[in-house]
Amino acid sequence: MNFRYFVAAITILGLAACGKASQEAPSHPAAVQAMPSTESLPAYDAQGVISSLDGQILTLDHDGASTAGLKPGRDQFKVYADVIAEAPITPGARVKFQFKKTPTGLEVSKLEPRD
């Protein structure tokens with residue numbers, strides 16, 4: 001008799017566990033949000049001296065840009081390969097550049113040697 005109760009209890013628990021699993025919704029990974037385009041952001045002109053380039057981070061000692069609210073000093077800018085393809089990127093090189101203020105920070109959009 002005890003064996004029958006034991007088998008019945010295991011069967012009921014097994015069926016109850018199966019029902020709960022089928023009611024839960026499967027989890028979906030979070031959607032990846034695309035980065036907004038920076039094309040519509042205003043570009044600001046400045047000049048400076050390259051301090052270093054580490055991956056996509058270009059460090060510049062610059063004269064600032066009052067229209068952008070950027071004070072003279074040393075700042076890090078994100079830079080992409082197409083911008084630095086033909087630009088002087090050696091430390092100490094004097095450059096003029098355009099940059100944009102993006103939600104993720106400062107980004108160089110144009111870089112060329114300065115006379």
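The values are calculated or read from the model by the stated rules, or taken from the named source; none is laboratory data. From a predicted model like this one, the values you see are computed outputs, not experimental measurements. Cβ sites come from the backbone with ideal geometry, for glycine too, and all protein chains shown count toward neighbours. Accessible surface is based on the protein model in full, side chains and every heavy atom, while ligands, DNA and RNA are left aside. Shrake-Rupley method; radii C 1.70, N 1.55, O 1.52, S 1.80 Å.
Just by accessible area at a 1.4 angstrom probe, what is the order of Lys71, Lys100 from largest to smallest?
Listed by decreasing accessible area, they come as Lys71, Lys100.
Could you compute the net charge surrounding Thr38? Neighbours are other residues with a C-beta less than 9 Å from the C-beta of Thr38; K and R count +1, D and E count -1.
My count for the surroundings of Thr38 gives -1.
Could you run the Karplus curve 6.51 cos²θ - 1.76 cosθ + 1.60 with θ = phi - 60° over region 58-75 and give me ³J(HN,Hα) per residue in whole Hz, x for Gly and Pro?
Each residue's phi maps through the Karplus curve to give 9, 9, 10, 8, 10, 7, x, 9, 5, 5, 9, x, 9, 7, x, x, 10, 9 Hz.
Provide the per-residue ³J(HN,Hα) series for region 91-107, in order, calculated from phi with Karplus coefficients 6.51, -1.76, 1.60 and θ = phi - 60°, each as a whole number of Hz, with x at glycine and proline positions.
x, x, 6, 8, 9, 10, 8, 10, 9, 10, 9, 9, x, 9, x, 8, 9
Pulled fully out, how much extra length does the chain show between Glu112 and Ser66, if you take 0.36 nm times their separation in residues and subtract their Cα-Cα distance?
14.5 nm
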